[in-house]
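**Student:** Have a look at the structure that comes next, please.
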Amino acid sequence: MNILFLTLVKISSLEDGGIFPDLLLKFRQEGHNIYIISPTERRDKLKTHIIEEKNTKILRVKTLNIQKANFIEKGLGILAVENQYFKALKSYFSSVKFDLVLYSTPPITFSKIIQFVKERDKAYSYLLLKDIFPQNAVDMKMIKKDGVLHKMFLKKEKRLYEISNKIGCMSKANVDFIINHYPEVDVTKLEINPNSIIPSKKEITLQAKEYIKIKYKLPLDKKIFVYGGNLGRPQGLDFLLKTIREVKNKDVFYLIVGSGTEFSKIKLFFDTEKPNNAKLLKGLPKKEYDVLLNSCDIGLIFLHRDFTIPNFPGRFLSYLEMGMPVIAATDKNTDLGKVIEQNNCGYWLESGDIEAMKNITTKILSDNKKLEEMKNNAWSLLLKDYNVDRSYNLIMKEFEHV
């Protein structure tokens, strides 16, 4: 069948990896034709163009900067992207009849495209709910609750839920949030369809690990606690900096790898305070990042404590794939901590609790046997709950049922 995927994630090849490329690659491996509409942002300085590979066509549409941009340009870009994608769809894919349309949040502004494809092609629509917007923006005080922008985006959000045949939520807490806050949504539309990837065991020798540490000037005699990914306001990274400043365990070295709107703030911290127990690296290409990540020991997750929506960060899967125990400092509303602790692959604490971070750091370093057990549990959890086969089968089950 022909599958249309709409996303704000930049995709150049399904071989690049990640939660969306891996899912689409699984569809392609099962014999389906993939059509993707993905942005090429203003900063890329490229025109709208198509990339073709095997049974896949990736339409890269020129947009404003919508990722890791200031709030005004990001907001304008998200509002404009629906018409830009709609125009591109008609120009480049007008002769294709789609059987299934997949899309994720963010954004919430694809309703017109989805409705058009559903009506024209009698396509089945499946929403991969990766973010609950605009409530996340209200939580971060980016927009005012019940203000003009909030009401406008809320209307668009509810419309997106209305036209979706099925809504795949990342966790039980996400399902419960939709049920409790959006009573107009038909509960039979909701199911748990978590972030998922094609698991690939990343083996690395001690010699290779040592080489990578030397390359990036990391200490050889300490456990590397790594935070990798987006450096933005939602991550509540002030607590990460406080952790570096106050949790100075002699056996721990902190590594931050990423990019985002808070990068300059974090760089200023490093330039000013010059911590001898931490290093900051600008975001790396995925393959290079994966090699570096595989040389680290403990994965760190940070989320802002003011969130009322239950986020479930994608970087969690990156750590699991490396067989890496996780320390998660988050708000109380996500069920990420419950998943981590129930599966004995790390520890959870509420963001901002520095004493808890000190205690957990001591605990995770004090028992090598348990640390090895957590590593094995991390890989087992990935295979059990976050394998792309699960997501694919859930989507196909609904599609075939209809």
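**Student:** Name the residues in the stretch 268-297 that are more than 21 Å from residue 219 (Cβ to Cβ) and at pLDDT 95 or above, would you?
**Tutor:** 268, 272
**Student:** Can you name every residue in the stretch 334-353 that is under 13 Å from residue 236 (Cβ atoms) and either in contact with a helix residue (DSSP H, G or I) (Cβ under 8 Å, 6 or more places away or on another chain) or in contact (Cβ under 8 Å) with a residue 60 or more places away in the chain (or both)?
**Tutor:** If the condition is that a residue be under 13 Å from residue 236 (Cβ atoms) and either in contact with a helix residue (DSSP H, G or I) (Cβ under 8 Å, 6 or more places away or on another chain) or in contact (Cβ under 8 Å) with a residue 60 or more places away in the chain (or both), then 334, 349, 350, 351, 352 are the ones that fit.
**Student:** Quick test of your reading of the structure: residue 128 fulfils all but one of (1) closer than 21 Å to residue 191 by Cα; (2) in contact with a strand residue (DSSP E or B) (Cβ under 8 Å, 6 or more places away or on another chain); (3) free of Cβ contacts under 8 Å to residues at least 24 places away in the same chain. Name the failing condition by number.
**Tutor:** (3)
**Student:** Looking at the stretch 113-132 only, could you name the residues that are charged (D, E, K, R) and modelled with pLDDT of 95 or more?
**Tutor:** Matches in the stretch 113-132: 118, 119, 120, 121, 122, 130.
**Student:** Among 311, 230, 276, which is of a type outside the set (D, E, K, R), out of contact with any helix residue (DSSP H, G or I) (no Cβ under 9 Å at 6 or more places or on another chain) and on the phi < 0 side of the Ramachandran plot?
**Tutor:** Only one candidate passes the filter, namely 276.
**Student:** Where in the stretch 267-380 are there strands (runs of 3 or more DSSP E), lying fully within it, with 3 or more residues that are aliphatic (A, V, I, L, M) and in the same structural domain as residue 214 (by TED's automatic domain parsing)?
**Tutor:** 278-282, 298-302, 326-330
**Student:** A further question follows. If the requirement is being in contact with an Asp or Glu (Cβ under 8 Å, 6 or more places away or on another chain), surrounded by 12 or more Cβ atoms within 10 Å (Cβ to Cβ) and not in a loop (DSSP other than H, G, I, E, B), which of these qualifies: 50, 58, 66?
**Tutor:** 58
**Student:** Taking residue 91 as the residue in question, decide whether it is touching a helix residue (DSSP H, G or I) at 6+ places or on another chain (Cβ under 6 Å) and small (Gly, Ala, Ser). Spell out the reasoning first.
**Tutor:** Details: touching a helix residue (DSSP H, G or I) at 6+ places or on another chain (Cβ under 6 Å): no; small (Gly, Ala, Ser): yes.
Spelling it out, it is not the case that residue 91 is touching a helix residue (DSSP H, G or I) at 6+ places or on another chain (Cβ under 6 Å) and small (Gly, Ala, Ser).
**Student:** Let me ask something additional. Kindly evaluate residue 28 against the criterion of being of a type in the set (D, E, K, R) and either exposed (fewer than 14 other Cβ atoms within 10 Å of the Cβ) or more than 20 Å from residue 399 (Cβ to Cβ) (or both).
**Tutor:** No; evaluated as a whole, the condition is false for this residue.
**Student:** Is it fair to say residue 354 is aliphatic (A, V, I, L, M) and surrounded by fewer than 17 Cβ atoms within 10 Å (Cβ to Cβ)?
**Tutor:** Yes.
**Student:** Do we have any residue at all in the stretch 30-43 that's among the aliphatic types (A, V, I, L, M) and modelled with pLDDT under 95?
**Tutor:** No, the stretch 30-43 contains no residue that is among the aliphatic types (A, V, I, L, M) and modelled with pLDDT under 95.
**Student:** Look through the stretch 31-47, keep the residues that are of a type in the set (A, V, I, L, M) and within 29 Å of residue 159 (Cβ to Cβ), and return whichever of them is surrounded by the fewest Cβ atoms within 10 Å (Cβ to Cβ).
**Tutor:** Checked the stretch 31-47; the qualifying residue surrounded by the fewest Cβ atoms within 10 Å (Cβ to Cβ) is 34.
The values are calculated or read from the model by the stated rules, or taken from the named source; none is laboratory data. Because the structure is a prediction, the values reported are computed rather than measured. Quick reminder, even Gly has a Cβ in these numbers, built from the backbone with ideal geometry, and neighbours come from all protein chains shown.
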